[in-house]
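A.B. asks: First the structure, which I've put down as structure tokens, then a few questions once you've had a look.
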Amino acid sequence: MDVKIEQSWKERLSDEFEQAYFVKLTDFIREEYGRTTVYPPGNLIFNAFRHCPFDRVKVVLLGQDPYHEPGQAHGLCFSVREGVPFPPSLVNIFKEIESDLGKPVPHNGDLTRWADQGVLLLNATLTVCAHAAGSHQNKGWETFTDAVIHRLAAERKHIVYMLWGAYAQKKGSFIDASRNLVLKSAHPSPLSAHRGFFGNRHFSQANDYLIAAGQEPVDW
């Protein structure tokens, strides 16, 4: 099966594409795109990998589901295209960056600029039906994205993992904190941001760790 994913990732994940769960997932996704509106556009499902090859990953930021309203999702967790109003979680992310690093809130919410610096903006589920949050959960995507994190954890070290909220923390629970920096806090959603996301200083901590490991910090 030909999966259009960035080459360095394709080499490491080729075994996954042959697994029965992935074949079944692919059939399901093709059917969904054929019958209804699904986000992101099909050519952007693997956008996070395109901008962030395996050997360039410095930070992994785990989301759960793509945005499910028109024009928002483009294959990078928490990110929206330029000109699209910021969803509430992204507003809070920018507020924390401003508080932590003194950087003003940017004019657009397209986080491609982070991805191009080595931030893997990975949702657990890579597709969703329009207006139906969680509609593609438990179809196989989670198994695939678990494999992505396992491969990184096995082959790479000195990566910063940002695990916001219980779901991300459970998904990243196996990561070796002696080889990497694992940062945990509440989710930036308005429902939980005041319970520990605000003030977590994850962005400055990430950069301090990267510098200490001899890497370039991220321009957040």
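The values are calculated or read from the model by the stated rules, or taken from the named source; none is laboratory data. Keep in mind the model is a prediction, meaning the values are calculated, not measured. Cβ atoms come from the backbone with ideal geometry, glycine included; neighbour counts cover every protein chain shown. Note: areas computed on protein heavy atoms with side chains; ligands, DNA, RNA excluded. Shrake-Rupley method; radii C 1.70, N 1.55, O 1.52, S 1.80 Å.
A.B. asks: Taking DSSP loops as anything outside H, G, I, E and B, show the longest stretch in the chain free of trypsin sites (Lys or Arg not before Pro) there with at most 13 other beta carbons within 10 Å.
C.D. replies: Longest site-free region, per DSSP loop and neighbour criteria: 5-156.
A.B. asks: Same structure, new question: Roll a 1.4 angstrom probe over the protein heavy atoms and tell me the percent of accessible area of segment 82-136 that is carbon or sulfur.
C.D. replies: 54
A.B. asks: To continue, here is another question. Diagonalise the Cα gyration tensor of the chain and give the resulting equivalent ellipsoid semi-axes, square root of 5 times each eigenvalue, largest first, whole Å.
C.D. replies: Each semi-axis is √(5λ); the values are 26, 21, 15 Å.
A.B. asks: Here is the link list: 24/157; 95/139; 10/139; 24/95; 4/103; 10/95. Which ones come out longer than 30 Å on Cα distance?
C.D. replies: Over 30 Å Cα-Cα: 24/157; 95/139; 24/95; 4/103; 10/95.
A.B. asks: Roughly what % antiparallel, to the nearest 5, for the DSSP beta bridges in the chain?
C.D. replies: 20
A.B. asks: With the other protein chains left in place, how much accessible area per residue, in square angstrom, belongs to segment 31-90 at a 1.4 angstrom probe?
C.D. replies: Per-residue value: 41 Å².
A.B. asks: I would also like to ask the following. Quick check: residue separation of residue 208 and residue 11 times 0.36 nm, minus the Cα distance between them. What number comes out in nm?
C.D. replies: 67.8 nm is the gain from fully extending residue 208 to residue 11.
A.B. asks: Mind checking the full-extension length gain between residue 20 and residue 157? Use 0.36 nm per residue of separation minus the Cα-Cα distance, one decimal, nm.
C.D. replies: Answer, rounded to one decimal: 46.3 nm.
A.B. asks: Taking N as the number of residues in segment 120-172, what is its Cα Rg relative to 2.2 N^0.38 Å?
C.D. replies: 1.24
A.B. asks: Give me, ordered by chain and number, the residues 5 or more places off residue 156 or on other chains with an amide H under 5 Å from its own placed amide H.
C.D. replies: Answer set, sorted by chain and number: none.
A.B. asks: Using a Cα-Cα cut-off of under 13 Å, which aspartates and glutamates could be cross-linked to residue 170, ignoring same-chain neighbours fewer than 8 residues away?
C.D. replies: Excluding near neighbours in sequence, the set is 142, 146.
A.B. asks: Using heavy-atom solvent-accessible surface (probe 1.4 Å) with all chains present, what is the largest-first order of 161, 167?
C.D. replies: The ranking, largest first, comes out as 167, 161.
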